[in-house]
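Notes follow the structure.
The values are calculated or read from the model by the stated rules, or taken from the named source; none is laboratory data. Just so it is clear, the structure is predicted and the values come from calculations on it, not from any experiment. Cβ placement follows ideal geometry from the backbone for every residue including glycine, while neighbour counts extend to all protein chains displayed. The protein model used for the area step is the full one, side chains on, heavy atoms only, and it has no ligands, DNA or RNA in it. Shrake-Rupley method; radii C 1.70, N 1.55, O 1.52, S 1.80 Å.
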Amino acid sequence: MTHARGYDLVAMTTAQSELRTVTLTIDGTAVTTHENTTIWEAARDAGIEIPVLCHDERYDPVGVCRVCAVDVGQRTLAAACIRTVEEGMKVTTATEQVEAQRKMLVRLLMADQPTPADDPKETTTGDNELLSLAREYDAIEHGLPIGDARPLDSSNPVIETHHDACILCDRCVRACDDIQGNDVIGRTGKGYETRIAFDLDLPMGESSCVSCGECVAACPTGALVNKPITAPLRPRKDLKQVDTVCPYCGVGCALTYHVDEQINAIVFAEGRDQPASQGRLCVKGRYGWDYAMSPQRLTRPLIRREEHYPKGPLSADVRGEGRGRRKAGGVVDYDEVMPAFREASWDEALDLVGERLRAIRDEHGADALAGFGSAKCSNEEAFLFQKLVRAGFGTNNVDHCTRLCHASSVAAMLEGIGSAAVTTTYGDIVNADVAILAGSNTTANHPVASSFFTQARRRGTKIIVVDPRQERIADHADIFCQVKPGTDVAFFNGVLHAIIELGLVDAEYVATRTSGFDELESVVAAYPPERAAQISDIDADTIRTIARLWGEAHAGVIYWGMGMSQHTTGTDNCRCLIALCAITGNIGKPGTGLHPLRGQNNVQGASDSGLIPMMYPDYQPVDDPAASARFEQAWGRPLSPVPGLTVTEIIGAALTGSVKGMYALGENPFLSDPNINKVRKGLANLEFLVVQDIFLTETAEFADVVLPASSYMEKLGTFTNTDRRVQLGQPVLEPPGDARLDFELIQEISNRVGLPMAYESPVEVFEELVSLGESMTGLTYDNLGGTGKLYPNPDPESSDGTVVLFDDGFPTDDGRARIVAAEWLPAKELPDDEFPFVLNTGRLLEHWHTGSMTRRSYALDAIAPEAHVFISPEDAARLGVENDDFVCLRSRRGSIEVRARLSHRETPGNVFMPFHFREAAANVLTIDEIDPHGKIPEFKFCAVSVEPVDSAER
Amino acid sequence: MAGREARAGRFPGPSLIPALHAIQRQQGWLPHDALVELSRETRRPLYEIQGLVSFYPHFRTSGPPPAIEVGVCRDLACWLRDDFVEPEAVASHYEGDADASVRPVSCLGRCDVAPAAVVNGEPVTVARLGEAVEAARAGALAPAAAQRPDRTWPTDPYAGADETAHRYTVLRSALAGAPDPDAAIEELKASNLRGMGGAGFPTGLKWGLVRAEAGAPKYVICNADESEPGTFKDRQILAELPHLVLEGMLIGMIAVGAEQGWVFIRHEYGPEEAIIRAEIAQLEEAGLLGNDALGGGRSLSLDVFVSPGGYILGEETALIECMEGHRGEPRNKPPFPGTHGLWGKPTLMNSVETFAAVPAILSRGSSWWCEQGAGDADGLKFFAVSGHVAEPGVYCVPLGTPLGELIELAGGVADGCRLGAVQPGGASSNFLGAANLDVALDFDGVAAAGSMLGSGAVVVMNEDTDLLAAATNVLGFFRQESCGKCVPCRVGSKKAETILIDLLAGGGGTADVDQRIAELEEALRLTSICGLGQVALGPVMSVARFDQAQSRDI
């Protein structure tokens, strides 16, 4: 050792001991606190403020800015943010000497800062913490040599990195890594030349940064700032704050929009504290809200012109002629589609809708009508919509996109545990010893939930990721199982076999809380790990390791996504997961349970509200006479006891002509349903289609009437997230033009088909919804408050709600979890010589479903403007395909052209494509085979060929 | 964990530094694609890799190395020499030479043969640089050998015996149970041995604290990363007394209950590293290491960890961060390594000289050791004397020897010049004027004179030395070697250096050092995380306070 290290004898000799309380004095006041408390926390609790720059209570301390230096009677000052209290310590927080050092530290930082007049934060949101400290310490004029200019990095579409304003506080580093688990930002270089850097010191926009903006939220200076999206950034006090919930995924993050009322525009968004999301947001939530202000919003009712009959697709993309080429000047060219419609008055349009639907019902019977609701709509809208279809149209042909995401999970869970909702929350992973993430591209599809998963791992939870794709979440796995596509049942049966073989079954739980174990045992007996390995490509040792880890864990939890559900064996896949939990006693206590990560912001709520063909609200079967009686009484109409058709079945029925009229609210089946060439024919074949949406969607090209609706940003309603958290969404903006609230439009149509509705506010609808079921009993708009409530909730006035369900029994007939064994079946369409690749479809982080919102968001579109097919470098090399080359993908159902992206995350023989892109619609290729129980299509598996497209056309 | 920093232990999994070394060995440098592949294969973030390769000077990311890579030291002991050549001048000499590339480097620990340079990793003198370059060009650059003159040292109880069989008697005895760990620690306490790396923490107390820790496993690390300008005494101890270093470590491992020890050695000490490795091999051969050392049922294992470069790694927590695979940034303390060391486990860390003193103390007794000191001081001390002396080198003298005596031992001020000033304890220590020749070189004596014993590096400056320029050179070293973690050191050292360079360029002297330097010195001293920042401006301020006129009168 070569230089003085500054040992402090006193500190060195303080022995580690059991946690205890300690008493110290801070500025002469005796303070008693917990021994692990930092001086800064102890002072704060005693009402003494110590300035900080690098510290923020959201992060673990690093003690690098030293501004919080205090005198503890030692040779040097101590950083209060990180130094823990000690018995008898005498702390003085603001001596002349201490203040002099703080001033110098601020002067040092100011010496390398832009001037306040040029400061990127001072001139926008005006909340530069360093500048405010500099003013307090009179350190704006620092009197020190000015540093060399450091660069500006504006390569990211929404974030600017002003290195000259960076003070290396490492808040962004911790925000990116410790909070969001994105692991992009670190320090590069050494000494005075140190900078923050992205990946291998790439420009931010070229790095693996996912633009979640957590770093911007963390930055105390002008180093990381948002770029304006709709209007110049301004201080919060000049804007209106609306506390609401993110419109995108089922995670349901709480946020605040800062709104310029003069121009009816959101200026920026910030995460808001809430027990689950804890202020975090992803790129969609933080930057993807400007779709609501798109000039392509529909503002007048539209009626199809006579000359555009017979109906058919209007745009080249929807005709299937897009060839993967993005349109210049926008995703959708309204000049191509709008001439087919004329503007109409609301009365004319609504009267036409009522008349045509009524006519079809009267001529062909109620079951000739169908309704597609949307998981993007509120509980109230979902409830009204299904009420309209059931009591107004007289049919149960009502469904929504849950059919396309977790219908098989719902089927398996209703069968197995009598409930389709999650048994625990995503945040409960913190209590788990081990978590299985199966078929979930969590970082893309539930980004904020994934941040809790990665954080839990750092605190000791073992993470097992099971997925055919090595997505980013796999980088955080303790064990990553890259299973062969379509072999999940075999793999999990192997794990179940090994758990039994290793004697790790929770016999008491099985005996007292479950049924069906014996059958499971006999089925999985045929899946020794060696056989499971042959089928799934996961070696037998790994299968046994997982079995041991899972079987020995005190608490294990399973989160899964559509990699499990979107198979013809989706229900079987989920049955295996239920069995894994059931035989090891992993349901009903903290850190255990089953959690299908719900996709849409309100897919849980829409299902809860009865937007499914076989269930009334709160999962009361339409063929249950008692349930029917309840709803018939409530709605004053006889109701059909026949379960209705599902989304996929309705399209089939449209094709055969048995369904003739349809009302689509916020749903865009043209792009979201499998086998688009069939969907196109089905939609064109409808006698009457009314589409109620905020944009002229691909589906609307087939409409007779298009009703301009309200976006999420414009309405009041409740939304239920994946955790069962019911939250209030608040109106943020005024609807554009003549656009109207969906809540009103459903009632207008209902009134015109003979079911009078006169709800004045969503509050009344919510009360009716709650009163007709049991799950949400007790919840009211008032007690939901700013952060919502979990259901069930026996005491919503004072409790956040129940996190862990079924600690006692299950809502099944016998109160037991029913274990249902599954035999492995191969996917419906296996690769062969002609179609040698397996196509897997899914989503991108930046885009949502059919892209109607996200592709009209500046940020999201700028980050991910084009469709790609992801292919392994090995396959690409074999095919002679390079990054961004166009390739032709062909299946038995159709073909598309799309750019290739070489990706190490795919295994050879498998390709992946997102389905958001109309010009390269993945669902042209997908197979419309469905799971027999959940009726969910096999989006995750079909056979395709991949061929390079003539390079001249690249 | 209480006091555990947010970033410490951030990355699960083993250190990536060995993998980076492996890529660089294979390819000569670290191409971008290789780093991306490493990230992918290890499933570790790219930024972690970037943080490492940009922090450690050993790693090269800018392309394959030139055929001849020359490093020229620019630090004080070299800078003082008449034949010092600025690295920039050497660089311009080789400008246009397609094979050669020259860059300035920090102190190479060869101050006794200053000015020093390095060619393709082999230490050379600037005087023979041209020769070495041509040898390298011809592919005939001979590996440098450690200096091992035929001499004995007073701390070596085995002087004259050159075989393992005749050495390590204290260790053999300790393995057999005598002294037992508590007795050994008591003996060290009684010897008043203090850490010789710079901070002077009582060694026996430190061993006792680590022994008392309940955590397991425990580790022992020998800090052989001396890198401070003027400091090279550990280099000679490693070269000439490797058996004492390792014996001291192994006794320490037995005392605290550790099974694994590491010698953390700076990469510039290639010749000495070879000697240590050979010594470890001999210990293994003799059965003194292994799962059952000497059949006593105790597992002892030693390994060498070669520093990827940077003075800051001499700071014990930075060293630990490096060994864990992180950027070598010092941790906030407490906790100290004794309780939360390597991988969060109790870790005993001493410097080379400290460990090397242990066998003599335990074999000859603490009272013998105490008697070796001069005046009130106890024991022996190695000093590296450099700068303007006739015979720069390593000297082992009684602790408490007067400064003047040591300088005389080193041949006195060179070229018949009068003494100007001395840095008595390495670059961190305040300059002492020529009036201080009587100062006793022990912890208290030097402290009383306003400086510190520090690393035992005595840098002598003659009366013609521009002391402000010398102190600014020292500051430049610290600025260069600052890790950048905390604000005062990262920014403050740079601002101060800029002010001083401007001042010197304008012909200014100590009288022109303004209040800002004093304020910066105080801020750095009081608020920096580690010793580097705390002392960076001390020498400058000591010079500013200097009354040179008075010193000349002595």
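Values for this structure:
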{"quantity": "Convex hull (Cα only) mean projected area of segment A:50-107, reported in nm² to one decimal", "calculated": "4.0 nm²"}
{"quantity": "Three-way shape label, segment A:77-201, alpha-carbon gyration tensor, a/c 1.5", "calculated": "oblate"}
{"quantity": "Solvent-accessible heavy-atom area per residue, rounded to whole Å², over chain A at 1.4 Å", "calculated": "32 Å²"}
{"quantity": "Convex hull volume per residue in cubic angstrom - Cα atoms of segment B:68-137", "calculated": "68 Å³"}
{"quantity": "Per-residue ³J(HN,Hα) for segment A:251-263, Karplus 6.51 cos²θ - 1.76 cosθ + 1.60, θ = phi - 60°, Hz, x for Gly and Pro", "calculated": "5, x, 6, 7, 8, 10, 9, 9, 10, 8, 5, 4, 9"}
{"quantity": "Amide hydrogen neighbours beyond the local backbone of B:ARG418, cut-off 5 Å, H modeled", "calculated": "B:GLU463"}
{"quantity": "Positive-end residue of B:LEU294, B:GLY411, B:VAL358, charge dipole of the protein assembly as shown with Cβ unit charges", "calculated": "B:LEU294"}
{"quantity": "Alpha carbon convex hull of segment B:276-336, projected area averaged over orientations, nm²", "calculated": "5.6 nm²"}
{"quantity": "Placed amide H near A:CYS942: partners under 5 Å, 5+ positions off or other chain", "calculated": "A:LEU839"}
{"quantity": "Within straight-line cross-link reach of B:LYS189, lysines at Cα separation under 18 Å, skipping those fewer than 8 residues along the same chain", "calculated": "B:LYS206, B:LYS381"}
{"quantity": "Area buried, chain B against chain A - accessible surface, total, 1.4 angstrom probe, square angstrom", "calculated": "6600 Å²"}
{"quantity": "Rounded to whole Å, sorted largest first: equivalent-ellipsoid semi-axes of segment A:14-149, Cα gyration tensor", "calculated": "32, 15, 13"}
{"quantity": "Charge dipole of the protein assembly as shown about the Cα centre (unit charges at C-beta), most positive-ward option of B:SER386, A:ALA900, A:PRO625", "calculated": "A:PRO625"}
{"quantity": "Convex hull of Cα atoms in segment A:769-832, direction-averaged projection (nm²)", "calculated": "8.8 nm²"}
{"quantity": "Between 0 and 90°, nearest 10: helix A:762-771 axis offset from chain A longest Cα axis", "calculated": "80 degrees"}
{"quantity": "Low-density loop cleavage sites - trypsin sites (Lys or Arg not before Pro) in segment B:107-206, where at most 12 other Cβ are within 10 Å (DSSP)", "calculated": "B:ARG151"}
{"quantity": "Karplus-derived HN-Hα couplings along segment A:115-121 (A = 6.51, B = -1.76, C = 1.60, θ = phi - 60°), whole Hz, x at Gly and Pro", "calculated": "5, x, 5, 9, 6, x, 9"}
{"quantity": "Dipole moment magnitude, nearest 20 debye, chain B about Cα centre, only Lys, Arg, Asp, Glu C-beta charged", "calculated": "1700 debye"}
{"quantity": "Descending Cα extents along the principal axes, segment A:135-266, whole Å", "calculated": "45, 36, 24"}
{"quantity": "Three-way shape label, segment A:163-208, alpha-carbon gyration tensor, a/c 1.5", "calculated": "oblate"}
{"quantity": "Amide hydrogen neighbours beyond the local backbone of B:LEU432, cut-off 5 Å, H modeled", "calculated": "B:VAL422, B:GLN423"}
{"quantity": "Calculated [θ] (222 nm, deg cm²/dmol) that DSSP helices of n ≥ 4 give over chain A, each run adding -39,500 (n - 2.57)", "calculated": "-7500 deg cm²/dmol"}
{"quantity": "Percent RCO, i.e. relative contact order, over segment A:670-722, from Cα pairs under 8 Å lying at least 6 residues apart", "calculated": "28 percent"}
{"quantity": "Spread of Cα-to-Cα distances over 10 Å intervals beginning at zero, given as percent, for segment A:355-464", "calculated": "12, 28, 28, 16, 11, 4, 0"}
{"quantity": "In degrees, nearest ten, helix A:488-501 long axis to first principal axis of chain A (Cα)", "calculated": "60 degrees"}
{"quantity": "Stokes-Einstein D (µm²/s) once Rh is taken as the Kirkwood radius of segment A:810-952 over alpha-carbon pairs, at 10 °C in 1.306 mPa s", "calculated": "95 µm²/s"}
{"quantity": "Mean Cβ neighbour count within 10 Å, used as a protection proxy, ranking A:637-645, A:38-46 highest first", "calculated": "A:38-46, A:637-645"}
{"quantity": "Cα Rg, Dmax, the protein assembly as shown, angstrom units", "calculated": "37.0, 121"}
{"quantity": "Value of Rg to Rh for segment A:664-747 (Rh from inverse mean 1/r over Cα pairs, i.e. Kirkwood)", "calculated": "1.04"}
{"quantity": "Cα-derived Rg to Rh of segment B:256-304, Kirkwood definition", "calculated": "1.04"}
{"quantity": "Estimated dipole of chain A in Debye, rounded to 20 [Cβ of Lys and Arg +1, of Asp and Glu -1, Cα centre]", "calculated": "660 debye"}
{"quantity": "Spatial separation of Cα centroids for segment B:331-388 and segment A:210-263, in angstrom", "calculated": "57 Å"}
{"quantity": "Cβ-Cβ FRET estimate between B:ASP83 and B:ALA140, R0 fixed at 30 Å, reported to 0.05", "calculated": "0.75"}
{"quantity": "Cα long-axis angle, helix A:570-583 against chain A (0 to 90 degrees, to the nearest 10)", "calculated": "50 degrees"}
{"quantity": "Chain B: relative contact order as a whole-number percent, Cα under 8 Å and 6+ apart", "calculated": "14 percent"}
{"quantity": "HN-Hα J in Hz across segment A:64-79 - Karplus 6.51, -1.76, 1.60, θ = phi - 60°, x for Gly and Pro", "calculated": "9, 7, 6, 5, 8, 3, 9, 8, 10, x, 10, 4, 10, 6, 10, 7"}
{"quantity": "B:THR125-B:HIS267 pseudo-label distance in nm [points 7 Å out on the Cα-to-Cβ vector]", "calculated": "2.7 nm"}
{"quantity": "Kirkwood hydrodynamic radius of segment A:503-558, from inverse mean 1/r over distinct Cα pairs, in Å", "calculated": "12.7 Å"}
{"quantity": "Mean Cα-pair separation over length for segment A:360-442, i.e. relative contact order, pairs under 8 Å, 6 or more apart, %", "calculated": "21 percent"}
{"quantity": "Descending principal axes extents, segment B:21-119, alpha-carbon based, whole Å", "calculated": "52, 28, 18"}
{"quantity": "Rounded, prolate or oblate (a/c below 1.5 giving rounded, otherwise prolate when a/b exceeds b/c) for segment B:466-554 by Cα gyration tensor", "calculated": "prolate"}
{"quantity": "Total charge dipole magnitude, segment B:466-554, about the Cα centre, Cβ charges on Lys, Arg, Asp, Glu only, Debye to nearest 20", "calculated": "380 debye"}
{"quantity": "Gyration tensor (Cα) of segment B:164-364, equivalent ellipsoid semi-axes in angstrom", "calculated": "23, 19, 16"}
{"quantity": "Nearby lysines by direct alpha-carbon distance to A:LYS227 (threshold 20 angstrom, same-chain neighbours under 8 apart not counted)", "calculated": "A:LYS121, A:LYS237, A:LYS240, A:LYS284"}
{"quantity": "Segment B:372-464 - Rg over Rh from alpha carbon coordinates, Kirkwood radius", "calculated": "0.93"}
{"quantity": "Calculated diffusion of chain B, Stokes-Einstein form, Kirkwood radius summed over Cα pairs, 37 °C and 0.692 mPa s, µm²/s", "calculated": "136 µm²/s"}
{"quantity": "Percent of Cα pairs exceeding the 27 Å cut-off, where the set is segment A:249-382", "calculated": "47 percent"}
